[in-house]
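A.B. asks: Encoded as structure tokens, here's the structure I'll be asking about.
The values are calculated or read from the model by the stated rules, or taken from the named source; none is laboratory data. The structure presented is a predicted model; accordingly, all values stated were derived computationally and were not measured. Accessible surface areas use protein heavy atoms only, side chains included; no ligands, DNA or RNA. Shrake-Rupley method; radii C 1.70, N 1.55, O 1.52, S 1.80 Å.
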Amino acid sequence: MALVKSGWLWRQSSILRRWKRNWFVLYLDGSLVYYHDETQRDMDGRIHIKYSCRDVRIGRECKDVQPPEGRSRDCLLTVVLRDGSKTTLCAESEDDAVAWKMAVLEAKSTPVHVYDPYDDDYYQTVPLDSHQAAYISSGHYGHQYGGGWPGGPGEGWPGPY
């Protein structure tokens, strides 16, 4: 999975509104994953940016949020999700907050590319959303649309479908 950006960010908890420092990794497929530390062994959470993100706000756009002690409001970053919830983050600097916003927006808008490793001519861009899934098949087990497996549907399999 292609890495877009990684680094330390402060994350505000949703219930007690306390700030916790996490190691964040943003992947090109739109996964924003946060870990306990940079070893990336203990995942604390994940946000599916491509499917869930409605908006990204930084700095003074982050209303009603107090940054962690010793941090500037200009370092704030809020990811507004489609369900109305928000994930509030704080970067190390204003420039880093801008860089994270640009990276999140890039990951949100970058389409996923699908190719069939068994067919050199098959390559397409699939605009994924929460109602679609991409399946890649080797083509060895059934027709592209009829699908199936040896002895399965489409190949004389008598069982219920």
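A.B. asks: Residues LEU89, LEU16: which one is of a type in the set (A, V, I, L, M) and either under 23 Å from PRO111 (Cα atoms) or modelled with pLDDT of 95 or more (or both)?
C.D. replies: Going through LEU89, LEU16 in turn, the sole match is LEU89.
A.B. asks: Separate question: What's the total number of residues in segment 70-90 that are closer than 15 Å to SER13 by Cα and either in a loop (DSSP other than H, G, I, E, B) or open to solvent by 60 Å² or more (accessible area, probe 1.4 Å) (or both)?
C.D. replies: Count: 2.
A.B. asks: Could you check segment 10-58 and list, in sequence order, the residues that are of a type in the set (A, V, I, L, M) and either open to solvent by 20 Å² or more (accessible area, probe 1.4 Å) or more than 23 Å from ASP83 (Cα to Cα) (or both)?
C.D. replies: Of the residues in segment 10-58, the ones of a type in the set (A, V, I, L, M) are 15-16, 25-26, 28, 32-33, 43, 47, 49, 56, 58.
If the condition is that a residue be of a type in the set (A, V, I, L, M) and either open to solvent by 20 Å² or more (accessible area, probe 1.4 Å) or more than 23 Å from ASP83 (Cα to Cα) (or both), then ILE15, LEU16, LEU28, MET43, ILE58 are the ones that fit.
A.B. asks: Give segment 10-42 a look and list any residue that's within 20 Å of ARG71 (Cα to Cα) and among the hydrophobic types (A, V, I, L, M, F, W, C), or say none.
C.D. replies: Selection gives TRP10, LEU16, TRP19, TRP23, PHE24.
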